[in-house]
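Peer 1: Sharing a structure below in structure tokens format, with a few things to ask.
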Amino acid sequence: MTVTRLAPSPTGAQHLGNARTFLITWLAARTQNSTIILRIEDIDSPRVKPESVTSLAVDLEWLGLDWDVGPIRQTERLARYQDALAQLQQQERVYPCTCSRSDIAHAASAPHWEHEGPVYPGNCANRRASDAASLTGRPFAWRFRASDPGPFCDGFMGQVHLNPCEIGGDFVVWKSADTPAYQLAVVVDDAEMGVTHVIRGDDLLPSTPRQILLYQALVLPQPQFAHVPLVIGADGRRLAKRHGDTRLSAFREQGIAAERVVGLLAWSCGWIDRIEPISARDLLRLFQWATIPKQPFVVSPDVLAAIGFRLNS
Ligand code: GLU
Ligand code: ZN
């Protein structure tokens, strides 16, 4: 029995890039009889937008993607993350950090490449977990002592070796009072929900060795990982607002059928030869990992014009 998940962050509307990863995940799961969990990663409270939670289900249903369990919201699971933090404290794997740095500010959200900062210099690393008691009145985060777990085998990319000590260093697992960091929440959730296959965008690759360290520290079974290339703009950067409005709602507003969007994505994955409308369900017999290009999918206004979409900025 295999289990996978769709794990969107409702910090904004879902766009074409999210749709491509969701489609690959859904097809990989449905062709393997995997259970699909929908998990809403909503712990990043100031950035989470309530309307994004609602529009998420609309977007997934529009694309023809369903799920078996959930939606489960991370904000309902705080006690689980607190238990895990307590275990890490007991083992002295974490220490309280009083630095105010951008990796702490962003810790509740997944660190997509552009959020990866410099290596933490270790200013607070000589503290013990119990020193937190004497930090009364001072805000602090919890950092995990990084090490190198060695290479892991990615289901799409093959062997990958990224050393957390060289990327970011000691990383944040708890941001502040009631806010766990993405790294800890995702590991606790994937383990407890029995997730066997994690499929996500390859800009989260540097998070994977960190998560492997947490699986090991918490003595939890590790899932298999598969990281897929992103959708980027013509400027080579991850698809975002600067590229114009590629929210799925914008396609709906221009009267473009979901099958056209799915067809464009299917073509980008090499499952069909021409850009033509097709439903997610009809892709079940065409899905394969092998044809998905190793390079990112570049979305230019021309590509979008092929399905009748006008890119407005
Ligand atoms: N919620 C994360 C995001 O949307 C994905 C996390 C994951 O798949 O591990 O960026
Ligand atoms: Zn510090």
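Peer 1: Rounded to the nearest 500 deg cm²/dmol, what is the calculated helix-only ellipticity per residue at 222 nm for the chain, with -39500 (n - 2.57) per DSSP H run of length n ≥ 4?
Peer 2: Details: 9 runs with 90 residues, N = 313.
When only DSSP H runs of four or more count, the value is -8500 deg cm²/dmol.
Peer 1: Residue by residue, what Karplus-based ³J(HN,Hα) values in Hz, rounded to whole numbers, does the stretch 122-138 have, using 6.51, -1.76 and 1.60 with θ = phi - 60° and x for Gly and Pro?
Peer 2: x, 3, 9, 5, 7, 6, 9, 4, 5, 5, 4, 4, 8, 8, 4, x, 9
Peer 1: Moving on to the next point. Which net charge results when you count Lys and Arg as +1 and Asp and Glu as -1 among the other residues whose beta-carbon is under 10 Å from that of VAL173?
Peer 2: Values: positive: ARG93, ARG143, LYS175, ARG210; negative: ASP170.
My count for the surroundings of VAL173 gives +3.
Peer 1: Springs between alpha-carbon pairs under 10 angstrom, Gaussian network model over the chain: which of LEU63, LEU23, LEU284 fluctuates most?
Peer 2: LEU284
Peer 1: Could you tell me how far the Cα centroid of the stretch 130-171 sits from the Cα centroid of the stretch 236-261, in Å?
Peer 2: 35
Peer 1: Something else about it: Under the Kirkwood approximation applied to all pairs of distinct alpha-carbon atoms, what is the hydrodynamic radius of the stretch 178-313 in Å?
Peer 2: Result for the stretch 178-313 stands at 17.1 Å.
Peer 1: Give the long-range amide H neighbours of VAL228: residues separated by 5 or more places, or on another chain, with amide H under 5 Å away, using H modelled in the peptide plane at 1.01 Å from N.
Peer 2: Under 5 Å from the amide H of VAL228: ARG200, GLY201, ASP202.
Peer 1: Name the long-range amide H neighbours of CYS97: under 5 Å, sequence gap of 5 or more, or other chain; modelled H, no Pro or chain starts.
Peer 2: Excluding prolines and chain starts, which carry no amide H, the hits are ALA141, TRP142, ARG143.
Peer 1: Another question about this same structure. Place a +1 charge on the Cβ of each Lys and Arg in the chain and a -1 charge on the Cβ of each Asp and Glu, then give the dipole magnitude about the Cα centre in debye, rounded to the nearest 20.
Peer 2: Approximately 300 debye in magnitude.
Peer 1: Further question on the same structure: Give me the net charge of GLY194's neighbourhood, meaning all other residues with Cβ under 13 Å from the Cβ of GLY194; Lys, Arg count +1, Asp, Glu -1.
Peer 2: In short, -2.
Peer 1: Considering the alpha-carbon set of the stretch 15-96 alone, what are its Rg and its Dmax in angstrom?
Peer 2: So, for the stretch 15-96, Rg and Dmax equal 16.3, 47 Å respectively.
Peer 1: Debye calculation, C-alpha points only, no solvent: report log10 I(q)/I(0) for the chain at q = 0.11, 0.13, 0.15 Å⁻¹, in the same order as the q values.
Peer 2: Listed by q, the Debye log ratios stand at -0.69, -0.94, -1.22.
Peer 1: Also, I was wondering about something else. Among 162-170, 250-258, what's the highest-first ranking by average C-beta atoms within 10 angstrom per residue?
Peer 2: 162-170, 250-258
Peer 1: Taking just the C-alpha trace of the stretch 93-238, give me its Rg and Dmax in Å.
Peer 2: When restricted to Cα atoms, the stretch 93-238 yields Rg and Dmax of 15.6, 52 Å.
Peer 1: Is the C-alpha gyration tensor of the stretch 150-222 telling us rounded, prolate or oblate? Criteria: a/c under 1.5 is rounded; beyond that, a/b larger than b/c is prolate, otherwise oblate.
Peer 2: Working: a/c = 1.75, a/b = 1.23, b/c = 1.43.
It is oblate, given that a/c is not under 1.5 and a/b is not larger than b/c.
Peer 1: Tell me which cysteines of the chain come out unpaired when the rule is another cysteine's Cβ under 4.7 Å.
Peer 2: CYS99, CYS153, CYS165, CYS269, each lacking another Cys Cβ under 4.7 Å.
Peer 1: Once amide H atoms are built 1.01 Å from N in the peptide plane, which residues 5 or more positions from ILE275, or in another chain, come under 5 Å H to H?
Peer 2: none
Peer 1: Cα to Cα, under 18 Å, and not fewer than 8 places away if on the same chain: which aspartates and glutamates meet these conditions relative to LYS241?
Peer 2: Of all the aspartates and glutamates, those that pass the test against LYS241 - Cα under 18 Å, at least 8 places apart if same chain - are GLU51, ASP59, GLU114, ASP203, GLU253, ASP302.
Peer 1: Of the candidates ALA146, ALA19, ALA290, which one comes out as most mobile in a Gaussian network treatment of the chain with C-alpha springs shorter than 10 Å?
Peer 2: ALA290
Peer 1: I've got another one for you. Go through the stretch 73-141 and name the GluC sites (Glu not before Pro) that are in a DSSP coil and have 13 or fewer other Cβ atoms within 10 Å of their Cβ.
Peer 2: The qualifying sites are GLU92.
Peer 1: Say the dipole of the chain comes from +1 at the beta carbon of Lys and Arg and -1 at that of Asp and Glu; which of THR291, PHE225, TRP271 then lies farthest toward its positive end?
Peer 2: Value: PHE225.
Peer 1: Let me ask you something else. Considering every pair of different Cα atoms, what Kirkwood radius, in Å, is found for the stretch 111-156?
Peer 2: In the stretch 111-156 this quantity evaluates to 14.1 Å.
Peer 1: I would also like to ask the following. Applying the Karplus parametrisation 6.51 cos²θ - 1.76 cosθ + 1.60 with θ = phi - 60° to the phi angles of the stretch 251-266, what ³J(HN,Hα) value in whole Hz is obtained for each residue in order, glycine and proline being reported as x?
Peer 2: After applying 6.51 cos²θ - 1.76 cosθ + 1.60, I find 5, 4, 4, 8, x, 8, 5, 4, 4, 6, 5, 4, x, 4, 5, 4 Hz.
Peer 1: Continuing with this model, one more query. Within a Cβ distance under 14 Å of GLN183, other residues only, what is the Lys/Arg minus Asp/Glu net charge?
Peer 2: Charge balance near GLN183 sits at -1.
Peer 1: A further question on this structure: What percent do you get for the relative contact order of the chain when only Cα pairs under 8 Å and 6+ apart count?
Peer 2: Worked out over the chain, it gives 19 percent.
Peer 1: Further question: Shape of the stretch 59-128 from its Cα gyration tensor (a ≥ b ≥ c, root eigenvalues): rounded if a/c is under 1.5, otherwise prolate when a/b > b/c, or oblate?
Peer 2: Note, shape of the stretch 59-128 comes out oblate.
Here, each number is a calculation from the coordinates, and none is a lab measurement. No experiment lies behind these values; they were computed from the predicted model shown. Positions of Cβ are generated from backbone atoms using ideal geometry, with glycine treated the same way; all protein chains shown enter the neighbour counts.
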